[in-house]
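Please read the structure below before turning to the comments.
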Amino acid sequence: MDEAKNSIKRPIATWNCRGRLITVDKPLVMGILNLTPDSFYKGSRMDSVSVVERAGTMLAEGADILDIGGQSTRPGSEVIESGEELQRVVPAIEAILRIYPRAVISIDTYYHQVAIAAINAGALIVNDISAGELDPEMISTVADLRVPYIMMHMKGSPQTMWSEASYDDLVREVMDYFILKKAACRLAGIRDLVIDPGFGFAKTIEHNLNLLKELPVFKMLDLPLMVGLSRKSTVYKLLDTDADHALNGTTVLNTVALMNGADILRVHNVREAKEVIVLTQKLMQLE
């Protein structure tokens, strides 16, 4: 796998979002919009009214995608049923699109029922932290919906993942996971795929840093790569602070991620992430 680290090739992808084509030929920023009262970062918690204002700010700052979620997936979070999640996310999607009809929205869910309702409300992408493991109908549903699918690596669930943060060979196990998932999604008929290594999901700080260092290995899958490090515990614990004061550390790790081949940064702070992209792209053009 060392050969993959010697040259990073950024795949150019064209996503077909139910007839709307989106070209991914440069790094993108995905802004996080949490419609939950218990997100680990309190600055991202909002309701269906404030989410529209926040969406407008993110779009003005250059967000390429708005990621809307109705359920916290922090370690030990309380599970809510699909019906309650629907009530949180669908009105927000509709409200945002009334004001910003060209916004590209992804729905952050592992319930196929929520994916269907969100796409019907105008979302264009499904972002699933479980890659179909928590809802066996998700993969076939995304295939039927004909939208891009972001699949993340996680062991267990948000309620159990800390007890499963054990690997014989972390990078190889995550790679093998995605090889199998890619094959299953292709077999189901999903054309547009994105992989997310799942920083912080059933992974220790050491695991997360190792994944970040070895990120170029995953370019062998020839799929866009999303990284979600924003304000996570790996950042603030290493800096002896908290999520509220982890923006600078997030920026540092996002810089490393881009240098190592990340195609999408999933973040709470869009403007800073866009600045990282501008500077790292300029630097990498000099090579």
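Listing for the model above:
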| item | result |
| --- | --- |
| From 231, 191, residue being in contact (Cβ under 8 Å) with a residue 12 or more places away in the chain, among the basic types (Lys, Arg), over 17 Å from residue 129 (Cα atoms) and surrounded by 22 or more Cβ atoms within 10 Å (Cβ to Cβ) | 231 |
| Filter result (buried (at least 16 other Cβ atoms within 10 Å of the Cβ), at pLDDT 70 or above and either in a helix (DSSP H, G or I) or of a type in the set (A, V, I, L, M) (or both)) within the stretch 30-55 | 30, 32, 33, 35, 51, 52, 54, 55 |
| Filter result for residue 169 (among the acidic types (Asp, Glu) and in contact with a His (Cβ under 9 Å, 6 or more places away or on another chain)) | no |
| Breaking point among (1) touching a residue at least 40 places away in the same chain (Cβ under 8 Å); (2) of a type in the set (Val, Ile, Thr); (3) buried (at least 16 other Cβ atoms within 10 Å of the Cβ); (4) over 25 Å from residue 23 (Cα atoms), for residue 90 | (1) |
| Lone qualifier among 155, 203 - being farther than 30 Å from residue 19 by Cβ, touching a helix residue (DSSP H, G or I) at 6+ places or on another chain (Cβ under 6 Å) and either at pLDDT below 95 or part of a loop (DSSP other than H, G, I, E, B) (or both) | 155 |
| Whichever residue in the stretch 226-248 is assigned to a helix (DSSP H, G or I) and among the polar types (S, T, N, Q) and, among such residues, is farthest from residue 260 (Cα to Cα) | 233 |
| Residue identified as under 27 Å from residue 118 (Cα atoms) and β-branched (Val, Ile, Thr) among 139, 179 | 139 |
| Pick from the stretch 261-270, criterion of a type outside the set (Lys, Arg) and within 18 Å of residue 13 (Cβ to Cβ), ranking: surrounded by the most Cβ atoms within 10 Å (Cβ to Cβ) | 262 |
| Verdict on residue 169 being free of Cβ contacts under 8 Å to residues at least 40 places away in the same chain and buried (at least 18 other Cβ atoms within 10 Å of the Cβ) | no |
| Count - residues of the stretch 117-147 that are surrounded by 24 or more Cβ atoms within 10 Å (Cβ to Cβ) and among the acidic types (Asp, Glu) | 1 |
| Within the stretch 3-24, considering residues that are in a strand (DSSP E or B) and surrounded by 14 or more Cβ atoms within 10 Å (Cβ to Cβ), the one modelled with the lowest pLDDT | 13 |
| Exclusive hit being farther than 16 Å from residue 17 by Cα and more than 19 Å from the chain's Cα centre (by Cα), set 85, 133, 137 | 137 |
| The one condition in (1) without any contact (Cβ under 8 Å) to a residue 12 or more places away in the chain; (2) of a type outside the set (Gly, Ala, Ser); (3) under 20 Å from residue 31 (Cα atoms) that residue 266 fails to fulfil | (1) |
| Top-ranked residue of the stretch 234-263 - restricted to ones that are among the β-branched types (Val, Ile, Thr) and touching a residue at least 24 places away in the same chain (Cβ under 8 Å), ranked as nearest to residue 169 (Cα to Cα) | 234 |
| Any chance residue 223 is part of a loop (DSSP other than H, G, I, E, B), crowded, with 23+ Cβ neighbours inside 10 Å and in contact with a Leu (Cβ under 7 Å, 6 or more places away or on another chain) | no |
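The values are calculated or read from the model by the stated rules, or taken from the named source; none is laboratory data. Values in this document were obtained by computation on a predicted structure and should not be read as measured data. When we count neighbours, we look across all protein chains shown, and the Cβ atoms used for this are built from the backbone with ideal geometry, even at glycine.
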